[in-house]
1. Given the structure, is Pro47 free of Cβ contacts under 8 Å to residues at least 24 places away in the same chain and not β-branched (Val, Ile, Thr)?
2. If you take just the helices (runs of 4 or more DSSP H) that sit entirely in segment 228-345, which of them hold at least 3 residues that are out of contact with any Phe, Trp or Tyr (no Cβ under 7 Å at 6 or more places or on another chain), farther than 22 Å from Arg129 by Cβ and without any contact (Cβ under 8 Å) to a residue 60 or more places away in the chain?
3. Among the residues of segment 1-45 satisfying the criterion of being of a type in the set (Asp, Glu) and farther than 21 Å from Leu358 by Cβ, which is surrounded by the fewest Cβ atoms within 10 Å (Cβ to Cβ)?
4. Just to be sure, is Gly289 closer than 20 Å to Leu255 by Cα and either modelled with pLDDT of 95 or more or in contact with a Pro (Cβ under 6 Å, 6 or more places away or on another chain) (or both)?
5. When segment 331-348 is examined, which residues are found to be out of contact with any strand residue (DSSP E or B) (no Cβ under 8 Å at 6 or more places or on another chain) and within 14 Å of His394 (Cβ to Cβ)?
6. From the list Val194, Val231, exactly one residue is away from the ligand (no atom under 16 Å from the Cβ) and not charged (D, E, K, R). Which is it?
7. Could you list, in sequence order, the residues of segment 117-142 that are part of a strand (DSSP E or B), within 13 Å of the ligand (Cβ to nearest atom) and over 17 Å from the mean Cα position of the chain (by Cα)?
8. Counting just the residues of segment 51-81 that are charged (D, E, K, R) and within 26 Å of Phe234 (Cα to Cα), which one comes out surrounded by the most Cβ atoms within 10 Å (Cβ to Cβ)?
Amino acid sequence: MTRYPNSQDWLTRARSVMPCDGAQTLSKGPSRNPESYPAYIDRGKGPRVWDVDGNSYVDYMSALGPIILGYSDPRVNKAVVERVEMGNLFSLESPPVVEVAERLTTIIPGAEAVRFVKSGSDAVSAAVRVARTYTGRDLVLVAGNSYHGSHNWFQVTQELGRNGVPGNERQNIQMFEYNSLTELAGALNNLQPVAAVVIEPARDFTADLPFLQGAKRLCEENGALLIFDEVVTFGRWPGLTYARHSGITPDLMALGKALANGYPLGACVGRRDVMDAFERCFISGTYNGELTAMAAAKATMDVLTSEPVVDHIWRQGRKLMYGFNEAMREHGVPGEAKGHPSCHRYTFTGPRAQELKLRFMAECASRGVLPGLITYPTYAHTDADVDRTVKVFHDVAGVLEKELWA
Ligand code: PMP
């Protein structure tokens, strides 16, 4: 506890004026972290963050995914600062909005048009709304096992999230088992006409290729639209989207997170004829064309398309996963890295799994590493950072071994 006194003070202050431990993003709150853990970050640069107690860390939480180039990337900073000086919001649209849209249509196969919003939740909701408008149908099928944001249409399916959402919204959403083509086919045959099928094609898991191919075919056969939620995957897979990586082009894609290296931007992209249906429904926001995010997106896209960002992230991620597995194996700790190099988690099994996980996180933090609940390596993580992290994994595995057999 003594390592984090200022974090604790901020948490106390937050709790006195805000609900939910003051966490504006669920996963940033202390509820899933060990007791001895930093709660408040002061600043970040490249792969590193400093907490409010002055402790520094190699950070792999990457703000839960948006940070793809590293914190406070100089190229993004330069673009944003230039834009701040020119003004970030006006009463008419500005050219960077068009430029970013053009850019996205160039780099993402199947993105024939773009509608900007401010978050991943906005983006998936916009896709669902335009799909319903285009097809004139209400029912949306959602592959389970995923998260699609905080808006009503999805939260009505969630245990906590359904509170505060009118129950009749549930009538127009049907969940089906992830990766089950049989369930999807059944749902498409048995139910009312389906507007869209929403799938998160990968995160720290991956959809089976035949499932995605089958989903595409079934959607075509049934006049339903296929929506990929690429909020997490964009920028983290070879080819930039999972759609491109898998060779399957959905009708619509929802993008967010890594689009602008931490600046708030989301986008719904897809088939031109479908996207034109935005003219017949309502998606609009005072801040949707806000220009610091556009400047950040332009700068981020420049790097993503001209430097080996994805290769680098995968190389570092591979070393981390391999290093973790080896460290756990050497010390006989039941732990395994699961997922993909660009997005994975460190898991533990057995009766003390939860205790091991929390202890792992706390011990890593006290040695200057924040692996987070999900690990998102960035372009800024150097070989030295990763080697040091793997060394920390070995040291922590040693502590866990002692704890486990004590
Ligand atoms: N879709 C997916 C797959 C996500 O992981 C998230 C957020 N983690 C969202 C949508 C919602 O994005 P946001 O939090 O930016 O609204």
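1. no
2. On the way: elements: 242-246, 272-275, 291-306, 309-330.
Correct list: 309-330.
3. Of everything passing the filter in segment 1-45, Asp9 is surrounded by the fewest Cβ atoms within 10 Å (Cβ to Cβ).
4. yes
5. Narrowing segment 331-348 to residues out of contact with any strand residue (DSSP E or B) (no Cβ under 8 Å at 6 or more places or on another chain): 331-332, 341-342.
Residues satisfying the conditions are His331, Gly332.
6. On the way: Val231 fails: away from the ligand (no atom under 16 Å from the Cβ).
Within the list Val194, Val231, the selection yields Val194.
7. Residues of segment 117-142 that are part of a strand (DSSP E or B), as a first pass: 117, 139-142.
Among the residues that remain, those that are also within 13 Å of the ligand (Cβ to nearest atom) are: 117, 142.
Within segment 117-142, Val142 is the sole residue that qualifies.
8. Among residues in segment 51-81 that are charged (D, E, K, R) and within 26 Å of Phe234 (Cα to Cα), the one surrounded by the most Cβ atoms within 10 Å (Cβ to Cβ) is Asp59.
The values are calculated or read from the model by the stated rules, or taken from the named source; none is laboratory data. Just so you know, these numbers come straight off a predicted model, no measurement behind them. Virtual Cβ from ideal backbone geometry, glycine too; neighbours counted across all protein chains shown.
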